[in-house]
Amino acid sequence: MTLVQMRHLIALAETGSFRRAAELTFLTQPAFSRSIKALEDELGQRLFDRQGWRSVPTPFGESVLGRARRLVQEAEHLKEDARRVQEGLTGTLRLGLGSGPGAILTQPLLRHMATQHPRAHLELARANTTLLTLALRERRLDALVIDARSLPPAPDLEVQAVTELRGAFLCRPGHPLTQRRAPLRFDDLLAYPFATTPLSDEVGRLLVERYGPQAHLEHCVTLRSEEIAALASVAEVTDAVVLTTRAAAPALVELELQPPLEANARFALVTLAGRSEPPLLPLLKELIARWLTG
C-alpha cells in the first residue's frame, strides 16, 4: 500500500462517489477504481459498501480510514519540516571557526540566526585548526571556516576557498608608533608587546624573509591567543601591537612598515569529503561569503 492509495481512500470516503473522488485526485474513474480495488485486495477486506448512490466505508474501512488520515497528515508534516530545513528555517548546523574567521563571523552569524531563523539551531565551536579538524573528522562538527594556510592537505577534506583578507600590524589610535613620521621598521614594533594568534609556518617564514631573524615568531611574540577578539580588546587599551587581518579588528589603526607586510589570510570552508551536506550549510555559505568578502 502507498500514501497515494491512502489519499484515494480518504477522497472516496469524503465524497462518497468514485467519479467525484477520481476528479479530485486527477485520475480517470477506472484508474481510481483499480487503486481502491488493489488496496482492498492487499488488505483482504472490503473497504466500502454501496448505499444507494453513495459509497460508504465498511466498519473495517472506518478503521483503515482513521489510520490513513494520520499517515497522510504525518507525511504532510514531514514534507513541511523538510521544506523548512531546506529553506534554513529549522535544522542544526555545527560550525567550527578558526581565530580570524571567528573574530569576524561569530556575532553576525549569531545575530542573523536569532533574528531571521529563530527555529534553526546553530552551534559554534572555537579552537585551533588541529582540534577543529579532528572534530570534523569525528563528525562532531559539520563544517569549518579557517585560514587554509594552517591546514595540511588531506584527501578526506574538501576545501572551498572563500576569500583572502589582508593582514596588517595594528594598534590603538594614539599609540606612540602612530606619532612617528619616518616609515616604521619591524624593530620599532619590538619595543611594545607583540600579539598574534598561532600562525602557520608559511606566515612565519614570510615574516623572517621580510624582516629578518628578529621577526621569528618564537622570539618576537609576547602575547599569543586563539581569540583575536581578546587580543584586539587588549590592544585597544594598551600599547600592544597586534598582527591579524584588518577586518578582524576594525577599532584599531594600521601601522605602515617598510618593507610592507604583503601577507593575506586565506579563509576557506572545509567539509568532510563524501559526507552529505547539512541543509543549513548553503545558507551559511552565502552569509559567510557575503560578510567575508564585503
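We did not get these values from a lab; they are worked out from the coordinates using the rules stated. All values derive from a computational prediction rather than experimental measurement. We place every Cβ from the backbone using ideal geometry, glycine too, and count neighbours over all the protein chains shown.
Secondary-structure-derived ellipticity at 222 nm for the chain, considering helices only, amounts to -14000 deg cm²/dmol, per-run term -39500 (n - 2.57) for DSSP H runs with n ≥ 4. Taking the 0 to 90 degree range and rounding to the nearest ten, how far is the long axis of helix 59-86 tilted relative to the main principal axis of the chain, both from C-alpha atoms? It is inclined by approximately 20 degrees. Placing unit charges on each Cβ (+1 for Lys and Arg, -1 for Asp and Glu) gives the chain a dipole about its Cα centre, and among Ala251, Leu261, Tyr192 the Cα reaching farthest toward its positive end belongs to Ala251. Each Lys or Arg adds one and each Asp or Glu takes one away; over the other residues whose Cβ falls under 13 Å from the Cβ of Ser99, this sums to 0.
I'd like the FRET efficiency for Glu158 and Ala251, computed as 1/(1 + (r/R0)^6) with the beta carbon distance as r and R0 of 35 Å, rounded to 0.05. Using R0 = 35 Å, I get an efficiency of 0.50. With the cut-off at 1.5 for a/c, could you classify the chain from its C-alpha gyration tensor as rounded, prolate or oblate? Since a/c reaches 1.5 and a/b is larger than b/c, the shape of the chain is classed as prolate.
Under the simplified labelling scheme, the His219-His112 pair shows an inter-label distance of 4.3 nm, with each label point 7 Å from Cα along Cα→Cβ. All other residues with a Cβ under 15 Å from the Cβ of Pro152 taken together, and with Lys, Arg as +1 and Asp, Glu as -1, what is their net charge? Once all neighbours under 15 Å are counted, the net charge is -2.
Among Ala230, Leu122, Val159, whose Cα projects farthest towards the positive end of the dipole of the stretch 92-294, with charges put on the beta-carbon of Lys, Arg (+1) and Asp, Glu (-1)? The residue sitting farthest along the positive end of the dipole is Leu122. Helix 228-237 and the longest principal axis of the C-alpha atoms of the chain enclose an angle of approximately 40°.
Rounded if a/c is under 1.5, else prolate if a/b is larger than b/c, else oblate: which is the stretch 3-59, with a ≥ b ≥ c the root eigenvalues of its Cα gyration tensor? Judged from the Cα gyration tensor, the stretch 3-59 comes out oblate (a/c at least 1.5, b/c at or above a/b).
Evaluated with a Cβ-only charge set (Lys, Arg +1; Asp, Glu -1), the chain carries a dipole of roughly 1040 debye about its Cα centre, given to the nearest 20. Listing Val4, Val221 from fewest to most neighbouring C-beta atoms within 10 Å gives Val4, Val221.
Which one of Gln29, Gln107, Gln73 has the biggest mean-square fluctuation once the chain is modelled by GNM with Cα springs under 10 Å? The residue that fluctuates most here is Gln29. Between Thr92 and Leu184, the contour length at 0.36 nm per residue exceeds the Cα-Cα span by 28.3 nm. For Val241, the residues whose modelled amide H falls within less than 5 Å of its own, excluding neighbours fewer than 5 places apart on the same chain, are Phe194, Ala195.
With θ taken as phi - 60° and the Karplus curve 6.51 cos²θ - 1.76 cosθ + 1.60 applied, the whole-hertz 3J(HN,Hα) list for the stretch 214-219 is 5, 8, 4, 4, 5, 9 Hz, x standing for glycine and proline. Taking other C-beta atoms within 10 Å as the exposure proxy, Phe60, Phe48, Phe32 rank Phe60, Phe48, Phe32 from fewest upward. For the stretch 3-86, the relative contact order is 32 percent, taking Cα pairs closer than 8 Å that sit 6 or more residues apart in sequence and dividing their mean separation by the residue count. Using only Cα atoms, find the angle between the long axis of helix 99-116 and the longest principal axis of the chain, and express it within 0 to 90 degrees, rounded to the nearest 10. Result, in degrees: 40. If you take all other residues with their beta carbon under 15 Å from the beta carbon of Glu138, and give Lys and Arg +1 and Asp and Glu -1, the sum is +2.
Amide H contacts under 5 Å for His216: none, restricted to partners 5 or more places along the chain or on a different chain, H placed in the peptide plane at 1.01 Å from N. Computed extension gain for Glu62 through Arg210, at 0.36 nm per residue and net of the alpha carbon distance, reaches 45.0 nm. Largest GNM mean-square fluctuation among Leu24, Leu141, Leu184, using the chain with Cα springs under 10 Å: Leu24.
Annotation: amide H of Leu141 within the under-5 Å range of Leu136, sequence separation 5 or more or interchain, hydrogens built in the peptide plane.
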